[in-house]
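Undergrad: Here it is: the structure, laid out below.
Each reported figure results from applying straightforward, stated rules to the coordinates on display, with no laboratory input. Only a predicted model underlies this, so the values are computations on that prediction, with no experimental measurement involved. Cβ sites come from the backbone with ideal geometry, for glycine too, and all protein chains shown count toward neighbours.
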Amino acid sequence: MPIDHSSYEIDVMISAKSIAAKVESLAKEITAFYAGTDKLVVVGLLRGSFVFIADLVRELNMPAEVDFLEVSSYGDSMKSSREVRIMKDLRGEIEGRDVLVVEDIIDTGHTMAHVMTLLQSRGPKRLEIATLLDKPSRREVEIKARWVGFEIPDEFVVGYGIDYAQRNRNLPYIGKVRQLE
């Protein structure tokens, strides 16, 4: 059932139940990959990843430290500006540590490439990416996540932490935004 907003509607693309099952599956794979790590540093990219990172960390069967980076390349637009700005940096050190970057969606790849270059310069032991959503058809920069929840077509989506002009983050599912005429 579409949700009505004044200039757009949202159609369910990925249900809350499908997301929960995928998060559980990803957490098992991540836990196995990092077996033997004394404490994984999980870095969430704010703001879109906050719901995904919370659910993912609760499913990890290992010690984990959580930190956040806030980056921006969209503002209130539906298109990336390709200008990546760091709004909030990590509080902790990652040198010599296993680091997992958790992202809501990888689109053009510009934001993630910038983040990975920044974090790699800080000398982590291992640096990997988990993303809930991947849009490979939009990729302009070569970047690949080790763990991908769902590959999606070139649609603007919201929900499960992902916003459109700071709205719709609270939806329990991923929805496709459809502009009204």
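Undergrad: Sorted from fewest to most neighbouring beta carbons within 10 Å, what does the list GLU151, GLU142, GLU103 look like?
TA: Listing GLU151, GLU142, GLU103 from fewest to most nearby Cβ atoms yields GLU142, GLU151, GLU103.
Undergrad: For the pair GLU155 and LEU46, how long in nm is the line joining their label points, each one 7 Å along Cα→Cβ?
TA: 3.0 nm
Undergrad: Which FRET efficiency, nearest 0.05, do ASP11 and ARG122 yield, Cβ-Cβ r, R0 45 Å?
TA: The pair ASP11/ARG122 has a calculated efficiency of 0.65.
Undergrad: Which FRET efficiency value, to the nearest 0.05, do you get for ALA54 and LEU180 by plugging their Cβ-Cβ distance into 1/(1 + (r/R0)^6) with R0 = 35 Å?
TA: Once rounded, the FRET efficiency stands at 0.65.
Undergrad: Against the longest principal axis of the chain, how steep is helix 50-59, in degrees 0 to 90 to the nearest 10, with axes from Cα atoms?
TA: Tilt relative to the chain: about 50 degrees.
Undergrad: Moving on to the next point. Most exposed first by the Cβ proxy, i.e. fewest other Cβ within 10 Å, how do THR111, THR131 rank?
TA: Ascending Cβ contact count within 10 Å gives the list THR111, THR131.
Undergrad: Set the Förster radius R0 to 30 Å, insert the Cβ-Cβ distance between GLU142 and ALA20 as r into 1/(1 + (r/R0)^6), and round the FRET efficiency to 0.05.
TA: The value I calculate is 0.45.
Undergrad: Just want the ordering: ASP107, ASP89, from fewest to most Cβ atoms lying within 10 Å of their own Cβ.
TA: Lowest count first: ASP89, ASP107.
Undergrad: Let me ask you something else. Identify which of the listed values of Cα Rg over 2.2 N^0.38 Å was calculated from the structure shown: [x] 1.20; [y] 1.64; [z] 1.01.
TA: Recomputing Cα Rg over 2.2 N^0.38 Å here gives the entry labelled [z].
Undergrad: What aspartates and glutamates does LYS22 reach when the alpha-carbon gap must be under 14 Å and sequence neighbours fewer than 8 apart in one chain are set aside?
TA: The qualifying aspartates and glutamates are ASP55, GLU59, ASP104, ASP134, GLU151.
Undergrad: Still on this structure, please answer the following. Can you give the angle from 0 to 90° between the axis of helix 110-120 and the longest principal axis of the chain, with both taken from C-alpha atoms, to the nearest 10?
TA: 10 degrees
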